[in-house]
Amino acid sequence: QVQLVESGGGLVQAGGSLRLSCAASGNIFSINAMGWYRQAPGKQRELVAAIASGGSTNYADSVKGRFTISRDNAKNTVYLQMNSLKPEDTAVYYCAADTVRRKYWGQGTQVTVSS
C-alpha cells in the first residue's frame, strides 16, 4: 500500500505562483513513477506532469514552460511548481503514484486562479 498526502493548494491571482507537494509513505519502493493530474468541474481528469523513477519528466502541452515537476527522494516527496497561473488552471489537483499492481491517488487539493 502507498499513501499520498497533497498540500499547497489555494487561491491565487492570474499570473501568480503556487507549489504543490505530495508526500508518499508506505511501500514507496514499489513506486515506478509519480505524477500530478487535475480535474476541473465538468471535465475529465487529465495528466498535468509526471516524473519517472529515473528522473525523466513529461508535461501536458497546456502547462509546458509554466509548470515544473520535481522529486526529493530523501523526503519521498514530489513537487509541482506552478508559475504564470491562468484561470483555466483552476481545478482539483491530484497526486498519483504508479506501481506494478495499481495506481494510487491522493485526496486532491483545490487550486483556484482568479482573473
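Some notes on this structure:
- When the Gaussian network model of the chain links Cα atoms closer than 10 Å, the mean-square fluctuations of VAL78, VAL100, VAL92 top out at VAL100.
- A Gaussian network model of the chain, with springs between Cα atoms under 10 Å, assigns the largest mean-square fluctuation among ALA33, ALA60, ALA24 to ALA60.
- One chain, two ends: ASN83 and GLN110. Fully extended at 0.36 nm per residue, the span grows by 8.1 nm beyond their Cα-Cα distance.
- Rounded, prolate or oblate (a/c below 1.5 giving rounded, otherwise prolate when a/b exceeds b/c) for region 68-115 by Cα gyration tensor: oblate
- Taken one residue at a time, the phi angles of region 12-29 give Karplus couplings (6.51, -1.76, 1.60, θ = phi - 60°) of 9, 7, 4, x, x, 10, 9, 10, 9, 10, 9, 9, 9, 9, x, 7, 5, 6 Hz. Gly and Pro are set to x.
- Here the simple spin-label model places points 7 Å from the Cα toward Cβ, and for ASN58 and SER17 these points are separated by 2.7 nm.
Here, each number is a calculation from the coordinates, and none is a lab measurement. Predicted model, so just to flag it, every value in this text is computed and none were measured. Please note: Cβ atoms are built from the backbone with ideal geometry, for glycine as well, and neighbour counts cover all protein chains shown.
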